[in-house]
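Provided herewith is a single structure, encoded as structure tokens, for subsequent inquiry.
The values are calculated or read from the model by the stated rules, or taken from the named source; none is laboratory data. Because the structure is predicted, anything quoted here is derived from the model rather than measured. Here the Cβ is made from the backbone with ideal geometry for all residues, glycine too, and neighbour counts use every protein chain on show.
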Amino acid sequence: MTVPAAIAACSVSKSFGGVRALTKASFAADSGSVHALVGENGAGKSTLIKILGGRIAPDEGEVLADPALRIGIVFQELTLLPYMRVADNLLLGREPRSHLGLIDRAAMPGLAERSLAELGITHIDPRALAADISLAERQIVEIARVILASPGILLLDEPTSALVEREVAWLFARIRALRAAGTAIVFTSHRWAEIAAIADRITIFRNGSDVGSFDSIDETEAITLMTGRRLEALFPARPPAPDGAPALELAGARAAGTAQLDLALHPGEILGVGGLAGHGHRALFFGLFGAPGFIEGALRVAGKPRRIRTPRDAIRAGIALVPEDRKSEGLFLPLKVRDNLTLPILRRLSRLGAIDLGAERRIASDTIARLAIRTPSAAQPVGALSGGNQQKVLLGRWLLTKARILLLYDVTRGVDVATKHEIYELVVRLAREGYAILFYSSDAEELAHLCRRVLVMRRGAIVADLPAEQLSAEAIVSAAMREAADAA
Amino acid sequence: MPPETSSLTLPRGSRLGHTIAQNIGLILAGSILLLAILGFVLIYALEQHRLPGNFELTSTVNSAMPLVFAAVGQSFVVLTKGIDLSVGGVVDLANAMAAVTMGKTLGSALLWSVVILFVGAACGLLNGLLVGLGRLQPIVVTLGTLSIFQGLAIRVLPQPGGAIPPSFTDLLVNPNAPYALIFIVLLGLGWAAFRRSRPGVDLYAIGNDEAASRTLGVNVLRTKIIAYMLDGLLAAAAGLFLAASATAGDATTGDSYTLTSIVAVVLGGVSLFGGRGSAIGAIAGALITTLIVDILFFGHVDPLFQSFYEGVFLLIAVVAGGVIGGAIRRRR
Amino acid sequence: MKAAMKYLPRLAPESWRVVYAIVAAIVLFLIGEAVHPGFLGLANVETILVIASFVGLVAAGQCFVILIGGIDLSVPWVLNAGAIVLATTSMGLDARAPLAVAATLGLGIAVGAVNGAGVAWFGIPAVVMTLAMNGIIEGLVLGFTGGFTCAACSAYAPPVVQSLAHGALLGVPDALWLWVVVIVLVSAVLSITRFGRATYALGNNPRAAVLAGVDARGLTIMLYAASGFFAALAGIMLVGFGGQASLGMGDPYLFTSIAAVVIGGVNILGGRGHYLGVAAGAVSLTVLVSVLLALNMPDYVRSIAYGVVILALLLAYGRETET
């Protein structure tokens, strides 16, 4: 290469509390091109983006960026300030000043409206609070804010995760315009179709290192590089088709933000639920777990009608929920692995309120062994474990409750490939043991390989019920993205 | 024609709708203030058989002044998602210093006032540094500094006493006319300007989400230090008003301002979780708090029961505010 | 040195804070002896520990609510109301003492439960709820006793209560025995009961605790009720110690109890810390005041030193682990 890159990382490494996120990763992006970073969740893409943007410092290695170019970053976790107006968020740090030198708050919505219109956004009200607009709109505002600062280098970390097809089309039009204007764009996504559509160059990441850069590469080859093994080897064989009466049935159940939902989940079944983020999956899963419960409709567990208003009701009915965001909704990070495992079953382990510590210790070490949780001891704070092992602790907690219905909500998110494989094995084994498993994943590939049936949700409704013979990642994604008019 | 996706057809709220929903705390505080004023006038008229006049207005405004300043100071820190328990200590210290230093002339009183305001800001700087650099929670930092400032106040003025020049009292809390309202107006204008400055915007940003603000390039440490310094400065001003009202000093009368300033801020619609509310609300909250005392007084409520009614009123106001605010947000 | 380190128990950072708090208390005792020989005399140590036990009782309740990220600002007047209720209902008679003690503790529990209900059911911030409650109790107590001028208000505590505060068993003051029992019970509750585990879970991550089946509302109410109970218990002990209830006797216990909790290594945001550290914190604060008194330090020096030592201890081991 004769032209020096706009931004480059030279064998950077980074660890977080003993867990390696990046190991000697290298990468370079040129001006006027779109460079995609591709890899599994947990492959180190987000960490690299943060290091490129100067938000965190690498432990080793260095980042070289053209000092003349301003860097703009769109983070995966949205950074909008909830109780400030969209206009305040868009113009933060670049507010218009009145003749007194003060910030002209009254002029900001108008200015924000014009700025958004220049980017082709006319449906977002700049006077609304950021907390009051939808997730997709927040993501668009986040992107717009960064683009409006006219960066020479634009880093986008999973910018499409909450967007529907036409919003993705909008984003790609902006990216093409910026590319034509000479901006260097770095982009991460795990939707292959998007990458193929926009990327000029692709760098594949696995386990914190780059494993190759390509101008074009076909999907199968890319996935093999990403996962380090063929897909068939990553996923275990599906459990046999279930028979018998459903363990869990929903009839006309509706939660805030969903349509009326009907489904039947059988023992021994892994029933997949797919679709884009923000389309009612969360309301379905948390509704089944009583957090909060459904507003209307009927719910039957093992054929008997049940009222589930709180998580306690759900736990009593033999239902367990493993949420996606294990740090904020699942685990108590500073507490011991043992405490995290046994919290819901302490009633069983106690006499007169006092815990039988011996029995608890045995149960904790059994679970650690059974799920191959890698921890120095049961007394280790769970926050010191790697993401995959944390997820196993959470799974272990619910297996201890003797729940027979498992609601697994995107459980492999942010988990390394090896642990992912172990979790797949575990899920299939549990299904073979007769657990009824409702399985949501943001990764269509996962659904296609683990489930015999997948329900696809869009805008709060179940819009497709794909049987085994029609199952593929493409079928799931296309059902999720199809606009209402086409579906009708 | 296929329908557009949901996100593109959302109806826009009207400007007025947004303004109401986004300032609901302030509007509620204003309504409570209005009710309190009406209640005061009503009770006064029933008991005294005439409407309250210049004297009542003046004495109410004058007695509210220290709390107005202390509450505005507190609101800066609460907006950053902090809390300041040392307000009372700074009021004490300023009050004690004023009584000891001011002497007989207005000139020296004004000169020392400036010094005392600086001392207040320095107290705030200490708090800000401990919170910002020391990585300690605001509540525990200010618990420690409260004790330090109280000690300093007693060192300065071991026994109640000292003197405040009458000309200084006339300037700050003139007993003949409600001139002190001018200070409230100035405070409001000062706030409006601050709200429209870099630190003003950053104050709200870190109260909304400190981690995100840092990511967005907000200078968190600088903003916190500014907030605590302004808080200290205003608490010192509260001490000056207190000294001017009492025309003498006492190193312990300011203690109560720690808790009353928090009450005023809460009544003024400032969220204790940071990032929402404004100093204007805190001013309203301070006036409400003062008026409630007056209402209870003119209503011939046994003064021994006074804190009972204040406590009940605070709870009712907070619960009602939460219910009404929630209903308005949901309706949109 | 390295070799010695190997024999130190492997403790979580949170447990180390308990150790630091205990070490701080011991060091303060030693400083007392250094600057004022005779400070470590048995009688003096006993007195200090008895006075510390009152702080320790209030701080036990404060510790429970702070562990779930709450705070109890109603402590001063719950304590004061407890003292006055004990004096007025017992009228100084031993025969009425059991009833009076039960009434006092019941009052504390009831007030605390209302605090908890306000926080848990109405979503009122703990600062506001307990601050308002403090005013409400203050107004009721002052109003109904005519500002402590009622005939029964000057009643002495029943002799049996006074002897609880002043008497001794096996050479150890009864007040200390009571505190030891409280320390053992509270520590056991926190360490090895379902209640304790749920408290830490709720304090660490309320959302996850609810999703793990913890009854957050019920637990919150119980914890605030416990705080009310301990404030009332401290009121009983103080009225026994001083003989009579007095106006404002609870006021010093508000900030002192919070200070004892935080220098005992409990995170003010909840979820982390233990009562063993808090008990040490209560001792530290009392020792500090005693040393300064023994040195005949004026008021203002005590006040300043108090603040400085709290901040110094917090800077030494009470900082947030992450930025």
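If you check A:Gly182, A:Gly257, which single one turns out to be surrounded by fewer than 17 Cβ atoms within 10 Å (Cβ to Cβ), of a type outside the set (Phe, Trp, Tyr) and within 20 Å of the chain's Cα centre (by Cα)?
Numbers: A:Gly182 fails: within 20 Å of the chain's Cα centre (by Cα).
Unique residue meeting the criteria: A:Gly257.
Turning to a different aspect of this structure: What single numbered condition from (1) touching a residue at least 12 places away in the same chain (Cβ under 8 Å); (2) more than 30 Å from A:Glu269 (Cβ to Cβ) fails to hold for A:Thr419?
Result: A:Thr419 fails condition (2) only.
If I filter the range A:131-151 down to residues being in a helix (DSSP H, G or I) and more than 23 Å from the chain's Cα centre (by Cα), which single residue comes out as farthest from the other protein chains (Cβ to nearest Cβ)?
Going through the qualifying residues, I end up with A:Ile147.
Please note which helices (runs of 4 or more DSSP H) are completely contained in the range C:192-305 and include at least 1 residues that are polar (S, T, N, Q).
By residue number, C:194-204, C:216-242, C:252-263, C:275-294.
State which residue is farthest from A:Pro323 (Cα to Cα) when the search covers only the range A:372-386 and only residues that are more than 13 Å from chain C (Cβ to nearest Cβ) and buried (at least 19 other Cβ atoms within 10 Å of the Cβ).
Among residues in the range A:372-386 that are more than 13 Å from chain C (Cβ to nearest Cβ) and buried (at least 19 other Cβ atoms within 10 Å of the Cβ), the one farthest from A:Pro323 (Cα to Cα) is A:Thr375.
When you go through A:Ser46, A:Ser11, A:Ser31, A:Ser98 one by one, which is the residue that is more than 9 Å from every other protein chain (Cβ to nearest Cβ), free of Cβ contacts under 8 Å to residues at least 60 places away in the same chain and polar (S, T, N, Q)?
Of the residues listed, the single one that is more than 9 Å from every other protein chain (Cβ to nearest Cβ), free of Cβ contacts under 8 Å to residues at least 60 places away in the same chain and polar (S, T, N, Q) is A:Ser11.
So that you can scan it fast, the table gives a plain yes or no per residue for (1) closer than 29 Å to B:Leu157 by Cβ; (2) surrounded by fewer than 24 Cβ atoms within 10 Å (Cβ to Cβ); (3) within 10 Å of chain B (Cβ to nearest Cβ):
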residue	(1), (2), (3)
C:Leu233	no, yes, no
C:Leu238	no, no, no
C:Ser246	yes, yes, no
C:Met249	yes, yes, no
C:Phe255	yes, yes, yes
C:Ala260	no, no, no
C:Ala280	no, no, no
C:Val308	yes, yes, yes
C:Tyr317	no, yes, no
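Residues that are within 22 Å of A:Val415 (Cβ to Cβ) and in contact with an Asp or Glu (Cβ under 6 Å, 6 or more places away or on another chain): find the strands (runs of 3 or more DSSP E) completely inside the range A:161-224 holding 1 or more of those.
Of the strands (runs of 3 or more DSSP E) lying wholly inside the range A:161-224, those with at least 1 residues that are within 22 Å of A:Val415 (Cβ to Cβ) and in contact with an Asp or Glu (Cβ under 6 Å, 6 or more places away or on another chain) span A:184-188, A:201-206.
In the range A:119-130, what count of residues is obtained for those that are within 9 Å of chain B (Cβ to nearest Cβ) and either surrounded by fewer than 19 Cβ atoms within 10 Å (Cβ to Cβ) or more than 26 Å from the chain's Cα centre (by Cα) (or both)?
Of the residues in that region, 5 qualify.
Give me the pairs, please: first residue somewhere in the range A:303-316 and within 12 Å of chain C (Cβ to nearest Cβ), second residue anywhere and of a type in the set (Val, Ile, Thr) and in a helix (DSSP H, G or I), beta-carbon distance under 8 Å, and either six or more positions apart or on two chains.
Pairs found: A:Thr310/C:Val210; A:Pro311/C:Val210.
I'd like the full set of residues that are part of a helix (DSSP H, G or I), among the acidic types (Asp, Glu) and in contact (Cβ under 8 Å) with a residue 40 or more places away in the chain, limited to the range B:201-218.
Across the range B:201-218, the qualifying residue is only B:Glu210.
Of these, C:Leu105, C:Leu140, C:Leu93, C:Leu99, which one is in contact with a Pro (Cβ under 7 Å, 6 or more places away or on another chain) and surrounded by fewer than 24 Cβ atoms within 10 Å (Cβ to Cβ)? Walk me through it before giving the result.
Details: C:Leu105 fails: in contact with a Pro (Cβ under 7 Å, 6 or more places away or on another chain); C:Leu140 fails: in contact with a Pro (Cβ under 7 Å, 6 or more places away or on another chain); C:Leu99 fails: in contact with a Pro (Cβ under 7 Å, 6 or more places away or on another chain).
Only one candidate passes the filter, namely C:Leu93.
Now for a separate question. Checking C:Ile221 against (1) within 14 Å of chain A (Cβ to nearest Cβ); (2) over 23 Å from C:Trp179 (Cα atoms); (3) modelled with pLDDT of 90 or more: exactly one of these is not met. Which one?
The single condition C:Ile221 does not satisfy is (1).
Still on this structure, I have one more. Anything in the range A:353-371 that is within 9 Å of another protein chain (Cβ to nearest Cβ) and hydrophobic (A, V, I, L, M, F, W, C)? List them, or say none.
Correct list: A:Ala354, A:Ile355, A:Leu357.
Within the range C:238-266, track down each residue that is within 14 Å of the chain's Cα centre (by Cα) and closer than 19 Å to C:Cys153 by Cβ.
Those that are within 14 Å of the chain's Cα centre (by Cα) and closer than 19 Å to C:Cys153 by Cβ: C:Leu238, C:Gly250, C:Asp251.
State which residue is surrounded by the most Cβ atoms within 10 Å (Cβ to Cβ) when the search covers only the range B:175-200 and only residues that are more than 7 Å from chain A (Cβ to nearest Cβ) and not in a helix (DSSP H, G or I).
Ranking the qualifying residues of the range B:175-200, first place goes to B:Ala180.
Suppose we filter the range B:155-172 for residues that are within 24 Å of B:Val68 (Cα to Cα), surrounded by fewer than 23 Cβ atoms within 10 Å (Cβ to Cβ) and of a type in the set (Val, Ile, Thr); how many remain?
So the answer is 1.
Also, I was wondering about something else. Mind checking which residues of the range C:164-186 are touching a residue at least 40 places away in the same chain (Cβ under 8 Å) and in a helix (DSSP H, G or I)?
Of everything in the range C:164-186, those that are touching a residue at least 40 places away in the same chain (Cβ under 8 Å) and in a helix (DSSP H, G or I) turn out to be C:Leu164, C:Ala165, C:His166, C:Ala175, C:Leu176, C:Leu178, C:Trp179, C:Val182, C:Ile183, C:Val186.
I've got another one for you. Taking the options B:Thr258, B:Thr252, B:Thr247, name whichever one is touching a residue at least 40 places away in the same chain (Cβ under 8 Å), of a type in the set (Ser, Thr, Tyr) and in contact with a Ser or Thr (Cβ under 7 Å, 6 or more places away or on another chain). Step through it out loud before you land on a result.
Details: B:Thr258 fails: in contact with a Ser or Thr (Cβ under 7 Å, 6 or more places away or on another chain); B:Thr252 fails: in contact with a Ser or Thr (Cβ under 7 Å, 6 or more places away or on another chain).
Of B:Thr258, B:Thr252, B:Thr247, the one residue that is touching a residue at least 40 places away in the same chain (Cβ under 8 Å), of a type in the set (Ser, Thr, Tyr) and in contact with a Ser or Thr (Cβ under 7 Å, 6 or more places away or on another chain) is B:Thr247.
Across the range B:27-56, what is the total count of residues that are within 24 Å of B:Trp191 (Cα to Cα), among the aliphatic types (A, V, I, L, M) and loosely packed, with under 14 Cβ neighbours inside 10 Å?
Matching residues across the range B:27-56 total 1.
Now for a different question. If C:Arg17 satisfies every condition in (1) at pLDDT below 85; (2) surrounded by fewer than 19 Cβ atoms within 10 Å (Cβ to Cβ) but one, which is the exception?
Going through (1) at pLDDT below 85; (2) surrounded by fewer than 19 Cβ atoms within 10 Å (Cβ to Cβ) one by one, C:Arg17 breaks only (2).
Whether any residue in the range A:50-59 is in contact with a Ser or Thr (Cβ under 9 Å, 6 or more places away or on another chain) and within 9 Å of another protein chain (Cβ to nearest Cβ) is what I want to check.
Checked the range A:50-59: at least one residue is in contact with a Ser or Thr (Cβ under 9 Å, 6 or more places away or on another chain) and within 9 Å of another protein chain (Cβ to nearest Cβ).
For A:Glu165, which of the numbered conditions (1) at pLDDT 85 or above; (2) under 23 Å from the mean Cα position of the chain (by Cα) fails to hold?
Unmet for A:Glu165, out of (1) at pLDDT 85 or above; (2) under 23 Å from the mean Cα position of the chain (by Cα): (1).
Say whether the condition of being of a type in the set (Phe, Trp, Tyr) and within 9 Å of another protein chain (Cβ to nearest Cβ) is met by at least one residue in the range B:201-210.
The answer is yes; a qualifying residue exists.
How many residues, within the range A:96-118, are buried (at least 17 other Cβ atoms within 10 Å of the Cβ) and under 37 Å from the mean Cα position of the chain (by Cα)?
So the answer is 8.
Of the numbered conditions (1) modelled with pLDDT of 95 or more; (2) more than 14 Å from chain C (Cβ to nearest Cβ), B:Phe149 satisfies every one except a single condition; which is it?
Result: B:Phe149 passes all but (2).
Before we move on, is B:Thr258 surrounded by fewer than 24 Cβ atoms within 10 Å (Cβ to Cβ) and either within 28 Å of C:Ile137 (Cβ to Cβ) or in contact with a helix residue (DSSP H, G or I) (Cβ under 8 Å, 6 or more places away or on another chain) (or both)?
On the way: surrounded by fewer than 24 Cβ atoms within 10 Å (Cβ to Cβ): no; either within 28 Å of C:Ile137 (Cβ to Cβ) or in contact with a helix residue (DSSP H, G or I) (Cβ under 8 Å, 6 or more places away or on another chain) (or both): yes.
No, not satisfied.
Consider C:Val141 against the criteria (1) more than 14 Å from chain B (Cβ to nearest Cβ); (2) in a helix (DSSP H, G or I): it satisfies all of them except one. Which criterion is unmet?
Result: C:Val141 fails condition (1) only.
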